[in-house]
1. Does Val275 qualify as being out of contact with any Cys (no Cβ under 7 Å at 6 or more places or on another chain) and not charged (D, E, K, R)?
2. Consider the stretch 218-237. How many of its residues are modelled with pLDDT of 90 or more and surrounded by 21 or more Cβ atoms within 10 Å (Cβ to Cβ)?
3. Just checking, how many residues over the stretch 29-86 are hydroxyl-bearing (Ser, Thr, Tyr) and out of contact with any Leu (no Cβ under 9 Å at 6 or more places or on another chain)?
4. For the condition at positive phi and either assigned to a loop (DSSP other than H, G, I, E, B) or in the same structural domain as Lys113 (by TED's automatic domain parsing) (or both), what is the one hit in Gly321, Gly283?
5. What pairs come up if the first residue lies in the stretch 211-232 and is assigned by TED's automatic domain parsing to the domain that holds Gly189, the second is crowded, with 21+ Cβ neighbours inside 10 Å and basic (Lys, Arg), and their beta carbons are under 8 Å apart, counting only those six or more places apart or on different chains?
6. Which residue, of Phe311, Phe331, is under 23 Å from Val269 (Cα atoms) and either in contact (Cβ under 8 Å) with a residue 24 or more places away in the chain or surrounded by 15 or more Cβ atoms within 10 Å (Cβ to Cβ) (or both)?
7. Mind listing whichever residues of the stretch 149-208 are part of a helix (DSSP H, G or I), of a type in the set (A, V, I, L, M) and loosely packed, with under 13 Cβ neighbours inside 10 Å?
8. Could you grab me the full set of residues in the stretch 39-96 that are basic (Lys, Arg) and either surrounded by 16 or more Cβ atoms within 10 Å (Cβ to Cβ) or closer than 19 Å to Ala25 by Cα (or both)?
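The values are calculated or read from the model by the stated rules, or taken from the named source; none is laboratory data. Predicted model, so just to flag it, every value in this text is computed and none were measured. Cβ placement follows ideal geometry from the backbone for every residue including glycine, while neighbour counts extend to all protein chains displayed.
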Amino acid sequence: INIEELLEIILLVTDLHEIKGNPAAEGSGIIIESKLDKNLGPVGTVLVRRGKIKVGDFFVTGNAYGKVRTIRDEYGSIINEATLSQPVEISGFTVVPQAGDRLFIVKNEKAAKDSVSKRDYQKKLLRLSDIRRHITLEDIAELSKESEIKKLKIILKAESNGSLDAVEKTLKDIEEENIKIDFIHKAVGAISDSDILLASASDAIVIGFGVNPTSKAKMVSKEEGVEVRTYDIIYKLVDEIKLAFKGLLEPRVEEKLKGNVEVREMFKVSKIGYVAGCYVLSGEIERGDLIRVVRDEKIIYDGKISSLHRFKEDVKKVSAGYECGIRIENFQEISIGDALEVYEKKTVQQ
């Protein structure tokens, strides 16, 4: 290929069709190269496609955002802004960008965070749309109505060996000629992400007795489409299994995670008591929401948010990316480093 002729043709087509960039538009560009610099951190070589890119601008690229710290031109000189069609090296990325990703300048940090959150959500929806849904108790109930032979595969986790043996024996006792229960795996401890993956591979449901799934297990169960059910009373567990086999399952209460929060500070406020200084990692939390305190992957308290604060003001809700003060109703033993899971309960028709 004759590069000079190709460039001449490109220039000719550009002139004929009056193809021009818009220097007044919001800045944007394309990442043509990236690396991790030992002094500047993640950097990217960007070709400016529209508008200008200036030091201090907030930007979004891929599923990350950042703020332009430095700009170097093609000669290595530090400049304050890059203009249309100019290749420059930019620092200020939170992660090493991918070559080929587009970079967009946004108004402020909030706009950058909102854009990334929206992209993450859309990416998650696309991933979830390809998930194969695994068997549930509702499916067993439908099969029962059609008088088919039913076999329920279970991964069982319990708080102790005694509970494990008791649940297994009780469920085995309800087996009949056309009702079979197959325990794929059983063990003591919280429901882990590996339990979920095993259930996904074997088309089983996961049952926890006196234990709950870890945060990672909850995330994986949604991604894999695996049903997880937890119980504290054995007869409720047995009754639901029996009703599923008879095709008579009643509506059940289901938990939906609203947000994850990290405790970073503790403050003692006169006439109020202790307030946890927190950072909302994901989702949106509201005053009055249900909340559980998790320490070392164990739930130590389950209650309700009694008050939310931003600085010295009471607020109704706080979104991801913001700090806040949280008081939990009838609970003062919260500690720095505790994980807080905010959730709601909904009645689900089965």
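1. On the way: out of contact with any Cys (no Cβ under 7 Å at 6 or more places or on another chain): yes; not charged (D, E, K, R): yes.
Answer is yes for this residue.
2. The number of residues fulfilling the criteria is 1.
3. First, pick out the residues of the stretch 29-86 that are hydroxyl-bearing (Ser, Thr, Tyr): 34, 45, 61, 65, 70, 75, 77, 83, 85.
In the following step, the residues that additionally are out of contact with any Leu (no Cβ under 9 Å at 6 or more places or on another chain) were identified as 34, 45, 65, 75, 77, 83.
Residues in the stretch 29-86 being hydroxyl-bearing (Ser, Thr, Tyr) and out of contact with any Leu (no Cβ under 9 Å at 6 or more places or on another chain): 6 in total.
4. Values: Gly283 fails: either assigned to a loop (DSSP other than H, G, I, E, B) or in the same structural domain as Lys113 (by TED's automatic domain parsing) (or both).
Answer to the check: Gly321.
5. Val211/Lys157
6. Numbers: Phe311 fails: either in contact (Cβ under 8 Å) with a residue 24 or more places away in the chain or surrounded by 15 or more Cβ atoms within 10 Å (Cβ to Cβ) (or both).
Exactly one of Phe311, Phe331 is under 23 Å from Val269 (Cα atoms) and either in contact (Cβ under 8 Å) with a residue 24 or more places away in the chain or surrounded by 15 or more Cβ atoms within 10 Å (Cβ to Cβ) (or both), namely Phe331.
7. Filtering the stretch 149-208 down to residues part of a helix (DSSP H, G or I) leaves 161-173, 193-202.
Next, from what is left, pick out any that are of a type in the set (A, V, I, L, M): 164, 166-167, 171, 196-199, 201.
Correct list: Ala201 only.
8. Looking only at the stretch 39-96, we keep the residues that are basic (Lys, Arg), and these are 49-50, 52, 54, 67, 69, 72.
Within the stretch 39-96, Arg49, Arg50, Lys52, Lys54, Lys67, Arg72 qualify.
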